[in-house]
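One structure is given here, and the rest of the page talks about it.
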Amino acid sequence: ASAAHASKQTIYARFSGKLELLEAVLATRVGSMFAEFAESAASGDVETVIAEVTRRSATSLSAPEALMLERLIDWIDAARSGSGQTPMRAAIYGEMHTLLRRYLADTVAQSRIAIGDIDTAASFWLDSLIGHVRGVPRGGEQLKDWSRTFARYFLRAVSG
């Protein structure tokens, strides 16, 4: 409410309930992460893009806010349970996988790299990010170095 310069009453009047409000909060945050991906994907050669997307993703996923978002996703998924809706965690994963797959497919189409199995490469990229994020350096040159190394080995693995 304070960020929107509105009263709590105004905020609650815009949403049918707590679930809808929290889904909107999560959608805004996830939307900004996807926008950062698009910005990174437009900048430079393939290895640089993969390193930059990896660095930004690791930064987002290891930020203090990430634990809060994890809990929010769990709460939304529990509230949606039995509704027939796709779980939020699965929807976010699926959307990010689609973005990575689309980037890799476009890169292959432009003959900038050869990848035999784009779907598996996108899964490998995303799963590697999620799996390694807690153990990577939290920022600075160490994170940049780790991201560049990740990009180099990722490209060797998927195109070799």
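The values are calculated or read from the model by the stated rules, or taken from the named source; none is laboratory data. Please read these numbers as outputs of a predicted model, since none were measured by experiment. Backbone-built Cβ (ideal geometry, glycine too); neighbour counts: all protein chains shown. Surface accessibility is based on the protein's heavy atoms, side chains included, excluding ligands, DNA and RNA. Shrake-Rupley method; radii C 1.70, N 1.55, O 1.52, S 1.80 Å.
A few comments on the model shown:
- What you get for the chain, charging only the Cβ of Lys and Arg (+1) and of Asp and Glu (-1), is a dipole of about 280 debye around the Cα centre.
- Apolar share of the accessible surface for segment 120-160: 52 percent from carbon plus sulfur atoms, 1.4 Å probe.
- Candidates L99, L143, L21, ranked by Gaussian network fluctuation over the chain, Cα under 10 Å, top entry: L21
- Convex hull (Cα only) mean projected area of the chain, reported in nm² to one decimal: 11.1 nm²
- In sequence order, calculated HN-Hα J values of segment 150-157 (Karplus, 6.51, -1.76, 1.60; Hz; x Gly/Pro): 4, 4, 4, 6, 4, 4, 5, 5
- Largest GNM mean-square fluctuation across S16, S62, S81, computed for the chain with C-alpha springs under 10 Å, falls on S16.
- Spatial separation of Cα centroids for segment 74-137 and segment 1-49, in angstrom: 18 Å
- For the chain, a Gaussian network of Cα nodes joined below 10 Å ranks V133, V46, V108 by mean-square fluctuation, and the top entry is V108.
- The HN-Hα couplings worked out from phi for segment 85-101 by the Karplus form 6.51 cos²θ - 1.76 cosθ + 1.60 (θ = phi - 60°) are 7, 5, x, 4, 4, 5, 5, 5, 4, x, 5, 5, 4, 4, 4, 5, 4 Hz, whole numbers, x standing for Gly and Pro.
- HN-Hα J in Hz across segment 118-127 - Karplus 6.51, -1.76, 1.60, θ = phi - 60°, x for Gly and Pro: 5, 4, 5, 4, 5, 5, 4, 4, 5, 5
- Rounded to the nearest 20 debye, the dipole magnitude of segment 90-160 is 240 debye, with +1 charges on Lys and Arg beta carbons, -1 on Asp and Glu beta carbons, and the Cα centre as origin.
- For segment 106-160, trypsin sites (Lys or Arg not before Pro) meeting the loop criterion (DSSP other than H, G, I, E, B) and having at most 16 other Cβ atoms within 10 Å: R112, R138.
- Between A105 and H132, residue separation times 0.36 nm minus the direct Cα-Cα distance comes to 7.3 nm.
- Take the chain with all the other protein chains still there, run a 1.4 Å probe, and you get 58 Å² of accessible area per residue.
- On a per residue basis, the convex hull of the C-alpha atoms belonging to segment 1-53 measures out at 88 Å³.
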